[in-house]
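Here's the structure, in structure tokens; my notes come after.
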Ligand code: ASP
């Protein structure tokens, strides 16, 4: 019979959980969910029904004309309840979990016909992303996204469990707060009560978590939403989630000892056991061998300094680099001895994109022959010596950059990843976790001609480097560490400054005047004088970790309601204009972009 839409049938089993033994006992079941697909085969109507547990086939027989007539009008995504008997299927579908059985319907209620479904709920069909984001509630029904968001929950639960077991207390910190310097622009919220004043949304809970250590909690964590108003590069979100944690009396070792089992627990959710302790690598080594501070150690193509083999060559490009304090460095690309002209041109273009003036290549053919973009000026013998120095054997290619040391490192660091990817040199299914440590505390900002914090201004210098803070700031190392997974930074943290005198010296090194320091961070400086324990912590990029574990191409796939790269929410159309009354209440005035700004 066809019940009216107000009747709610009570589900007795999930669609994906109907079993062969239900068919043996010809169990009567009630299913509730969505019409995934309808097929009319002559007299019989087959409806694949879907709910959160999976899908099962339901059959409508003309023997029950009343419900058959309802089934004839069903559309994909209608919400229905069905009562029926589980039977064995005449033509089973072994690809499908419930493919051995089907439900013969005896009653149906259509709770809600769906008339506005913009695209089919199907993993195979790649609807345009704009449309998918506009109708995210439909997009999220797709099995791939259901899996991703559910796995995200499992990974979060595993992390919470590990942190709880390690004695961490989950504490929320304010969203309406004041600026926290993490190096991005703030999202600002105007205050109605204090006209002309603004809250900043937190770029991270950095100062609050330090204050929780001063407050005696000793071990804090939070799934913290962070907001950074950046020009969004490919796969960033203006708001994102960090697993943020802080510990008192911490050393890098004690932080690693918390994070490693936490990460292992998250990996277990995808059935992968990663070995601990994780590998460690000094920052200097990461830069010199891999050309980046987040080394992908799954493949070789390591950087080699070939300054010695390049010296005295009379080649103007080498001489200019070496005589101005620069470098000549290269990488060996295995099996690229026969690389095509087009490929070499692409690699050269990549090198230039990364900032190099050019790329010198030497190809060693398997037969022993050698060709090079600089064969004429360098001669065969020196080309061979350079290729040897780079580590390119017969059958390989050597790619060489001569420039400032920074440019060589940056270029080759970028090239090695891209080339390894292009040539399929990255082993599949491998998870390389590396702690990078020993970062410099400060980096020179050439535009502003001053020192900037490499991490953030609250990061502690190595205590034994403290006396160089004023005399040789560039050589001071930070007690900071990053965790890198397959070449992606997935966590970053540091031991913090816990004494106000040291914090004041670091502020001074960063050209923050005492008056500015008091105005911006007076509360921190006061807290550090009120019995602040040594402390440190870390934040894990939760969206990124989930995307990597789920195998998603974008973090948008593990965020239920993500924004576009231009920071818009296409579904609810945020950001949006506000009306004149709201503007008045906030004492804000719209300034036309044409109007000159003070
Ligand atoms: N607050 C830092 C960040 O968001 C993480 C940390 O130092 O713990 O990158």
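The values are calculated or read from the model by the stated rules, or taken from the named source; none is laboratory data. On a predicted model such as this, the values are computed, not experimentally measured, just so you know. Heads up, the Cβs are rebuilt from the backbone with ideal geometry, glycines too, and the neighbour counts pull from every protein chain shown.
Those residues that are assigned to a loop (DSSP other than H, G, I, E, B) and free of Cβ contacts under 8 Å to residues at least 60 places away in the same chain, I need them from the range 77-109; list them, please. Lay out the reasoning, then the answer.
From the range 77-109, those assigned to a loop (DSSP other than H, G, I, E, B) are 77-78, 89-100; that's our starting set.
Matches in the range 77-109: 78, 89, 90, 91, 92, 93, 94, 95, 96, 99.
If you go through the range 198-236 and keep only what is assigned to a loop (DSSP other than H, G, I, E, B), away from the ligand (no atom under 13 Å from the Cβ) and either touching a strand residue (DSSP E or B) at 6+ places or on another chain (Cβ under 6 Å) or modelled with pLDDT of 95 or more (or both), you end up with 201, 215, 216, 217, 218. In this entry, residue 277 is excluded by the filter for residues that are under 24 Å from residue 438 (Cβ atoms), out of contact with any helix residue (DSSP H, G or I) (no Cβ under 8 Å at 6 or more places or on another chain) and surrounded by fewer than 19 Cβ atoms within 10 Å (Cβ to Cβ). Residues that are assigned to a strand (DSSP E or B) and touching a residue at least 40 places away in the same chain (Cβ under 8 Å) within the range 274-328 comprise 279, 280, 281, 282, 304, 327, 328, listed in sequence order. Filtering the range 472-501 to residues that are over 24 Å from the mean Cα position of the chain (by Cα), surrounded by fewer than 20 Cβ atoms within 10 Å (Cβ to Cβ) and part of a loop (DSSP other than H, G, I, E, B) leaves 472, 499.
Residue 240 - would you say it is within 20 Å of the chain's Cα centre (by Cα), assigned to a strand (DSSP E or B), more than 12 Å from the ligand (Cβ to nearest atom) and touching a residue at least 60 places away in the same chain (Cβ under 8 Å)?
Working: within 20 Å of the chain's Cα centre (by Cα): yes; assigned to a strand (DSSP E or B): yes; more than 12 Å from the ligand (Cβ to nearest atom): no; touching a residue at least 60 places away in the same chain (Cβ under 8 Å): yes.
So residue 240 fails the test.
Pull up the range 177-197, narrow it to residues that are within 25 Å of the chain's Cα centre (by Cα) and away from the ligand (no atom under 14 Å from the Cβ), then point me to the one that is surrounded by the most Cβ atoms within 10 Å (Cβ to Cβ). Applying the filter and picking the extreme gives 187.
So, in the range 537-554, of the ones that are assigned to a helix (DSSP H, G or I) and away from the ligand (no atom under 16 Å from the Cβ), which residue ends up surrounded by the most Cβ atoms within 10 Å (Cβ to Cβ)? Spell out the reasoning first.
Initial filter on the range 537-554 (assigned to a helix (DSSP H, G or I)): 542-550.
Now restrict to residues that are away from the ligand (no atom under 16 Å from the Cβ): 546-550.
Working: 546: 25, 547: 22, 548: 18, 549: 21, 550: 22.
The selected residue is 546.
Taken over the range 444-471, the criterion of being away from the ligand (no atom under 15 Å from the Cβ), in contact with a helix residue (DSSP H, G or I) (Cβ under 9 Å, 6 or more places away or on another chain) and outside any helix (DSSP H, G or I) is satisfied by 444, 451, 469, 470.
With respect to residue 289, determine if the residue is buried (at least 20 other Cβ atoms within 10 Å of the Cβ) and under 24 Å from residue 418 (Cβ atoms). Walk me through it before giving the result.
On the way: buried (at least 20 other Cβ atoms within 10 Å of the Cβ): no; under 24 Å from residue 418 (Cβ atoms): yes.
So residue 289 does not fit the description; no.
The single condition among (1) closer than 30 Å to residue 270 by Cα; (2) surrounded by 12 or more Cβ atoms within 10 Å (Cβ to Cβ) that residue 570 does not meet is (1). Name the residue that is nearest to residue 569 (Cα to Cα), counting only residues in the range 132-148 that are outside any helix (DSSP H, G or I) and at pLDDT 95 or above. Ranking the qualifying residues of the range 132-148, first place goes to 135.
For residues in the range 448-471 being touching a residue at least 40 places away in the same chain (Cβ under 8 Å) and farther than 21 Å from residue 184 by Cα, which is surrounded by the most Cβ atoms within 10 Å (Cβ to Cβ)? Ranking the qualifying residues of the range 448-471, first place goes to 461.
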